[in-house]
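Presented below is the structure to which this report refers.
The values are calculated or read from the model by the stated rules, or taken from the named source; none is laboratory data. Keep in mind the model is a prediction, meaning the values are calculated, not measured. Cβ: placed from backbone, ideal geometry, glycine included. Neighbour counts: every protein chain shown. Accessible surface is based on the protein model in full, side chains and every heavy atom, while ligands, DNA and RNA are left aside. Shrake-Rupley method; radii C 1.70, N 1.55, O 1.52, S 1.80 Å.
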Amino acid sequence: TEARAVAALNHPNICTLFDVGPDYLVMEYIEGLTLAERIKQGAIPLGEALVIAKQIANALEAAHEKGIVHRDLKPANVKIRPDGSVKVLDFGLAKAGEAQELTADSPTMLSVAGMIMGSAGYMSPEQARGQVVDKRADIWAFGVVLYEMVTAKRLFDGATVTDSLAAILTKDPDLTLAPEKVRRLLGRCLEKDPNKRLRGMGDWAELLVDTEHLAAAPSRSRLRMAGWIVAAVSIMFAAALAVIHFREKPFEIPVTRLSLDLPEKLQFSRANGPQAISPDGRLVVFSAISAEGQSQLWLRPLDGLTAQALSGTDEASLPFWSPDSKTIGFFGGGKLKRMDIAGGSATPLADAPIGRGGTWSQEGIIVFAPEGAALQQIPASGGTPRPVTRVGPKAGTHHRFPWFLPDGRHFLYLGDGTSTIDSIRLGSLDSSLGDLTHDSSGEDRILLNTVDSFAVYTQGYLLWVRGTTLVARPFDAKRLAFTGDPVPVAESLQNTVTSISEAPKFSVAAGVLVYEKGNANDLRLTWRDRTGKPLGTVGDSGSLINMHFSPDRRTVVGTYRGDIWLYDVLRGLQTRFTSDPVNDGTPVWSPDGRMIVFRSKRAGDVSDNLYRKPADGSRNEELFHADNLLKIPASFSPDGKYLAYFTVGDPKTGNDIWILPEPLGTPRASKPWPFMRTEFNEGYPQFSPDGHWIAFQSNESGRNEVYVAPFLGPGGGQGGKRRVSAAGGTLARWRVDGKELFYVAPDRHLMAAEMSPKNGSMEVGKVEALFGGILTLGNGLTYDASADGQRFLVINQAGETGEPLTVVQNWTAGLKK
């Protein structure tokens, strides 16, 4: 029976039957806990439980469509794999064909004398009586299992089988322990009369109650009485309205604006991303920096006067909320983490070396951007992440800032593309959602072209930043289409998303808009000594995101608003170096100071390729290396014969380090070779001053650490590497004499490690922390050292501000005017 039933099914949530023999079955091996084992750990959070329930329902619906009834659905027959996917097992009691009346003579009825086949606590009343059994028996069992998931208690748990069956047949189930959102669904599943039960598993989600604005549900007896009272009051109220309607204008809730001040001696941290309003509109979580330079997340109720620091969130960035407003997700220490705001420690969920935003669905799924590549999805309870978008020539090479739409399946995200700088795209958890989600080529559909920020959806509008203005445009979340033109909401927001620090600071939920006024032109190059003391500035303020000293230390090249600029260190003058409409980035000087190499995506390029241009501007830039991956130039060898760069987003190996020979020779004549290409992410290679070593970062230990490895030249293979950082590190740079290696620790402190080569190996000596507050912006370096290593030119933290947040309540009312 089991073989025939399972062999007829082919569904991702049903175990696969591979072979049948005279006395054996060969079935799929499924790793993970059974649902029964998971429930023993405690009640499953509602969002996670509904994700599991949906997959069980999909499995049953697929079976029912083929006329197959499981008849023994229970937690022990459901497995949860490490990636969060669910498999329904053991169709050994499944019955195919039309509904039949079971008798004591039926071979599937009895296993041992007197025991009805099935598990007593999960049987429907008709199954317990030996009556007609059809798909509605599975619907009953589904309700029992769902109740057990969300309460960790058995619904019909008698001391004996007889007691359990008696309870099923005679007692109305008490559902008061279950969350209010699922009580209506449970009630329909657990009707003793199968004719009153839920008609099909495909209808289960329609009975979930939206509890966001619902008060506690009254009892049935109170509801009956309340119905008569409401009817009577309604008549009187309608009569009163008929008189008032023509005498007074309708009352409208006005738009209310207020300021939200920071606690004393704190500054908002631009480097760690926007603040986030909770879905219930009551709490704001934000990143702030203390007078000592320590950054962490803070929580502020809108109806309170004080903010609370969240322990365990040092250097956390880009916080986002769970739908129930009880938990936050954020990025820190190279990980995606979650934390209950009521208390408790932060729980790591997945690797995220450079987090670029996350979003949390009602069904308990988190979609996040781990490192400027494809978006990943993961159960909010933890598991194995898997890609949910694709990167490529048409889809772009890095996806960021996802935002779930109300259905919990579609989401918005920010992506790059071939014809635009940035665009808002539409993604989905389901690859089968069709043309609404994808364009004619099968890529995720572009909703908005050439945008200046990420986008969010709320109350029938899509919001994003255009220039420095926050705009809202009517959007139908079911048809996935705009229904009107954009209108302005707020002015003077930041206006670029090249990096976390420059992402516009706005958040919206439950009719409340929170934003921070400001200007991206507030970062500037600042000299600091080894203690961090400011020693002066270079050039004007601006949205500078990476920089690199010329060999003579007289000029700095950096990226400002998508173009390359030169900064005269002595006179502080700025000169534009490139002016193409598309973004140019991560410039690097050649060792002789005559050439600057950078990455860009000119017309016809499928990805960011490598360009070069004379430092004196005597001729236009030229393409000298191209392929289909995003390439970040990083360092020349001292003799100028080799360029070390790293690629981002290889589908098989992630980020890899490559060496390009003759980078200053004939364009496209040289073929690069991999210096470090593994299943881990490697990046930011830096040649040592003598050219014998390369410093780089890798996450092979589970977080980014700084390593050095010998450079053996073409065909020399890879020598043994040596780890330099002890507790995390990125963005390494050498001192000019090679005796120190600088890098940035996870707490944004600049570190200095003594380095000395001996007998073909590199010895690492004393490692000390110099000063904090080093920004990590985009794909580039944000500091460089003087020749003697006693001064550092850094991108200044002028982006930290103590200005209050602006809070707008009932912001949509302002749009009507």
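Rounded to the nearest 10 square angstrom, Leu310 shows an accessible area of 10 square angstrom against a 1.4 Å probe.
Annotation: Arg199 carries an accessible surface of approximately 150 Å², with a 1.4 Å probe and no ligand, DNA or RNA atoms counted. A straight chain from Asp627 to Asn759 at 0.36 nm per residue would run longer than the Cα-Cα distance by 43.7 nm.
Proximity of backbone amide H atoms, modeled 1.01 Å from N, is registered between Thr327 and Ser322, Ile341 at under 5 Å, excluding neighbours fewer than 5 places apart on the same chain. A simple spin-label model places pseudo-atoms 7 Å from Cα toward Cβ; at Thr16 and Lys517 they are separated by 6.0 nm.
At a 10 angstrom cut-off on C-beta neighbours, averaged per residue, how do the peptides 24-31, 330-337, 551-558 rank from highest to lowest?
330-337, 551-558, 24-31
In terms of accessible area, using a 1.4 Å probe and ignoring ligands and nucleic acids, Met201, Met751 rank largest first as Met751, Met201. Derived scalar couplings between HN and Hα for the range 607-617 equal 7, 5, 10, 9, 10, 9, 8, x, 5, 8, x Hz in order, rounded to whole Hz, by the Karplus curve 6.51 cos²θ - 1.76 cosθ + 1.60 (θ = phi - 60°), x for Gly and Pro. Separation of the range 680-711 and the range 339-390 by C-alpha centroid, Å? Using only Cα atoms, the two centres lie 27 Å from each other. Taking a sphere under 10 Å around the Cβ of Val648 and counting the other residues whose Cβ falls inside, with K and R at +1 and D and E at -1, yields a net charge of -3.
Using the Karplus relation 6.51 cos²θ - 1.76 cosθ + 1.60 with θ = phi - 60°, the per-residue 3J(HN,Hα) values for the range 302-314 come to 5, 9, x, 10, 10, 10, 10, 6, 9, 4, x, 10, 4 Hz, with x marking Gly and Pro. With 0.36 nm allotted per residue and the present C-alpha distance subtracted, the Lys40-Leu258 stretch has 73.7 nm of extension available.
The calculated FRET efficiency for the pair Asp737 and Ala342, based on their C-beta separation and a Förster distance of 45 Å, comes to about 0.25.
Full extension of the chain between Leu169 and Leu570 gives 135.4 nm of extra length, using 0.36 nm per residue less the Cα-Cα distance. Rounded to whole numbers, the Karplus 3J(HN,Hα) couplings from phi for the range 746-753 are x, 8, 6, 7, 7, 10, 10, 10 Hz, using 6.51 cos²θ - 1.76 cosθ + 1.60 with θ = phi - 60°, and x at Gly and Pro. Take the Cβ atoms of Ala152 and Arg386, set R0 to 25 Å, and the FRET efficiency comes out at 0.35.
What order do you get for 355-367, 167-179 when each peptide is scored by the mean count of other beta carbon atoms within 10 Å, highest first?
355-367, 167-179
Would you list Phe711, Phe482 from the most to the least accessible area, probe 1.4 Å?
The ranking, largest first, comes out as Phe482, Phe711.
Modelled spin-label separation between Arg554 and Ala726, with each label point placed 7 Å from Cα along the Cα-to-Cβ direction: 4.2 nm.
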